[in-house]
Amino acid sequence: MSDGLALRLRLFARSLLLQAGFCDERRQALGFAWAIDPALAAYAGDAAGLSAARARQLASFNVQPCASGLPLGVVAALEARAAKGDAAAAARGAALKASLSMALSGAADSFFWGALRPLAAAVAVLGSAFAWSLGASRPFLCGAALGLAIFNAPSLWARWAGLRLGLAEGEAAALTACSLPAQGWIRAARVAAVLAIFAAVWCVLNLRLGIPRLPAALAFAAGAGLGRFTNGPLRLVAAAGLLGAAVSAAGWTGWAL
Amino acid sequence: MTAWASDATGAGMIALLELDAASIGPFLLSRPLVVGPLVGWALSPSWRDAGLGGALGFLFEALTLEELPLGGRLDFSASVAAGVAAALAAGPAAVAPEAAFLAGLFAGWAHARVERGQRRGRCASVRRAEAALAAGRPPRLGAEVLGALALQAAVTFAVALAALAAVGPAAARAWPVLPEFLRAGASAAFVAAPWLGAGSLAASLWRRA
């Protein structure tokens, strides 16, 4: 294994613990400093330079964790140049680290949290329903495994590819990343998630689980229509509970969804 | 499996899986759709109860998917909620699913508050690293990271164990003697929750697409 690949593997593995030291004041600073440390140690010219480089990495930092590979690679590449005598490289690295974290987080939050995670969950429900209909002994675990694969394949690839790009191209990697059609990916993943949710609801209602279709469909429609006004479903669930209690207290004994 | 062994096993599983929520990865191993089936499968004496853990996991997944952890925001710990509910319903306590759902909501809410305190306390790790660098010593970054992980797991274990050992039995005892209208209200919320969550999520995604 070449030194470059071994270093990249170490940075990648450590980036998986980026959030371990998350704190209010510096966010992911501790995790970032630990993740990039093998690169700093490999590139360092002297002890004073290594100490200064380590101190720079403890500045406040926050990025969507699946997109952490790119800033990690870019900063490592610029710290390598700084260690070789490029006096301005360290400052450029610090500036790029801050700006990249903000720029990447917007798109990565929308893609990974706001689109891919719901898609993975809906596919997990579909997978569970399919496994159930086939008579699998652990249908929920089968579905969960499918959902995990849907999310983790692109998220781990994004982390690895970002790291490779950043290490290879340095600050130019930011321009390459900007040229990606991220908005198109986000829109496509959201549409796919909506379709998967409808398919999952249809599948679950058509399994012989004894779920009455009309109340379930009404609750789904209520969630779709009212969710935006209640900032999510939790208040709607509380309202459903109050409604159920009121109906029961009023003496309608037929209340059973 | 005795009640204590079951509670400790459940709390241990929840503590390990919860690390994925905001410490390791993320790989989505901490999401309710994974935690619920796994905890239910590990603790349940029967196939049916294992499915109950899965169903509770999917219920909490539908309820919490719309909440995005942007900028480290943390209002509710979905993994602890789903794990506690699944352990109570599918474990030896065999708490009614509606009561387990309410106990899970409480545990998720409580864990998020404890986690906020953890995040305030971790700032000391960065300051220790800076102090070491200022003194000319290499910072013990790996030890700080591993310490933060161990503390996070220990705190989650304590919260989950307290919920399973105290809140669960209390809910199991209180549930049958609650007034009928309260049980009907909890049942209505429990049954409607996944559909309300799925509908709200689908509409939210469609508006943004």
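Tell me, what is a quarter of the convex hull surface for the C-alpha atoms of segment A:1-136, in nm² with one decimal? The partial results should precede the final answer.
Numbers: hull surface 43.4 nm².
Over every viewing direction, the Cα hull of segment A:1-136 projects on average to 10.9 nm².
Arrange A:ASP37, B:ASP7, A:ASP46 by Cβ neighbour counts within 10 Å, fewest through most, would you? Write down the numbers at each step before the final one.
On the way: A:ASP37 21, B:ASP7 26, A:ASP46 9.
By the 10 Å Cβ count, ascending: A:ASP46, A:ASP37, B:ASP7.
In a shell of Cβ-Cβ distance under 12 Å around A:THR176, excluding A:THR176 itself, what net charge do Lys and Arg (+1) and Asp and Glu (-1) give?
Values: positive: A:ARG164; negative: A:GLU169, A:GLU171.
Overall, the nearby charge balance is -1.
Shielding by partners for A:151-164, please: the mean number of other protein chain Cβ atoms within 10 Å of each residue's Cβ. It would help to have the intermediate numbers written out before the result.
Numbers: counts 4, 5, 0, 0, 4, 2, 0, 0, 1, 0, 0, 0, 0, 0.
Mean shielding by partner chains, rounded to a whole number: 1.
Ratio to report: Rg/Rh of the protein assembly as shown, with Cα atoms as the point set and Rh obtained by the Kirkwood method; give two decimals. List each step's numbers first, then the result.
On the way: Rg = 23.7 Å, Rh = 23.2 Å.
Using Cα coordinates only, the ratio equals 1.02.
Diagonalise the Cα gyration tensor of segment A:117-187 and give the resulting equivalent ellipsoid semi-axes, square root of 5 times each eigenvalue, largest first, whole Å.
Values: eigenvalues 256, 33, 6 Å².
For segment A:117-187, the semi-axes come out at 36, 13, 6 Å.
Please turn the phi angles of segment B:110-115 into ³J(HN,Hα) values with the Karplus equation 6.51 cos²θ - 1.76 cosθ + 1.60 (θ = phi - 60°), one per residue in order, whole Hz, x for glycine and proline.
5, 5, 4, 5, 5, 4
Rounded to whole Å, give me the distance from the Cα center of segment B:14-82 to that of segment A:39-103.
Rounded to whole Å, the Cα centres lie 35 Å apart.
For chain A, modelled as a Gaussian network with Cα springs under 10 Å, which listed residue fluctuates most, A:CYS178, A:CYS203, A:CYS66?
The residue with the greatest mean-square fluctuation here is A:CYS178.
If each DSSP helix of 4+ residues adds -39,500 (n - 2.57) and the sum is divided by the residues in chain A, what number results at 222 nm, nearest 500 deg cm²/dmol?
On the way: 11 runs with 183 residues, N = 257.
Using -39500 (n - 2.57) per qualifying helix, the result is -24000 deg cm²/dmol.
Counting Lys +1, Arg +1, Asp -1, Glu -1, what net charge surrounds B:ARG31 among other residues with beta carbon under 11 Å of its beta carbon? Could you put the intermediate results ahead of the total?
Values: positive: A:ARG117; negative: B:GLU18, B:ASP20, B:GLU61.
Result for the neighbourhood of B:ARG31: -2.
On the principal axes of its Cα set, how long, how wide and how thick is segment A:212-257? Give whole Å, largest value first.
Extents along the principal axes, in whole Å: 32, 21, 11.
Quick one: net charge around A:ALA124, please, counting Lys, Arg +1 and Asp, Glu -1 for every other residue with C-beta under 11 Å from its C-beta. Walk me through the numbers before you get to the answer.
Details: positive: A:ARG117, B:ARG31; negative: B:GLU61.
After counting each charged neighbour, the total is +1.
With only Lys, Arg, Asp and Glu charged, each at its Cβ (+1 for the first two, -1 for the last two), find how big the charge dipole of segment B:3-208 is about the Cα centre; round to the nearest 20 debye.
Numbers: 16 positive and 13 negative charges, 138 e Å.
It works out to roughly 660 debye.
Compute the angle between helix A:117-133 and the longest alpha-carbon principal axis of chain A, please, reported from 0 to 90 degrees and rounded to the nearest 10.
50
List A:VAL247, A:VAL63 from most exposed to least, where exposure is judged by having the fewest other Cβ atoms within 10 Å.
Details: A:VAL247 17, A:VAL63 25.
In order of increasing Cβ crowding within 10 Å: A:VAL247, A:VAL63.
Hey, got the dipole for segment A:3-211? About the Cα centre, +1 on K and R Cβ, -1 on D and E Cβ, debye to the nearest 20?
Values: 18 positive and 10 negative charges, 76 e Å.
I would put it at about 360 debye.
Gap in Å between the Cα centre of segment A:21-36 and the Cα centre of segment A:177-242?
35
I'd like the distance between the alpha-carbon centres of segment B:99-151 and segment B:156-209, rounded to an integer number of Å.
Segment B:99-151 and segment B:156-209 have Cα centres separated by 28 Å.
Among A:LEU175, B:GLY12, B:PHE157, flag the residue with its Cα farthest along the positive direction of the charge dipole of the protein assembly as shown, charges on Cβ as +1 for Lys/Arg and -1 for Asp/Glu.
In the protein assembly as shown, that residue is A:LEU175.
How long are the semi-axes of the equivalent ellipsoid of chain A, defined as square roots of 5 times the Cα gyration tensor eigenvalues? Whole Å, largest first. All intermediate terms of the calculation are to be shown ahead of the outcome.
Working: eigenvalues 453, 80, 50 Å².
Rounded to whole Å, the semi-axes are 48, 20, 16.
Take segment A:129-257, drop everything but the C-alpha atoms, weight them equally and run the Debye formula without solvent; then report log10 I(q)/I(0) at 0.22 Å⁻¹ to two decimals.
Calculated log10 I(q)/I(0) at the listed q: -1.32.
Please compute, for the alpha-carbon atoms of chain B, the extent along each of the three principal axes and give them in descending order in Å.
Principal extents (largest minus smallest coordinate, Cα): 67, 49, 30 Å.
Quick note: the coordinates plus some simple rules give every number you see, no bench work behind them. Quick caveat, the model's predicted, so the values are computed rather than measured. Glycine also receives a Cβ, built like all others from the backbone with ideal geometry; neighbour counts cover every protein chain displayed.
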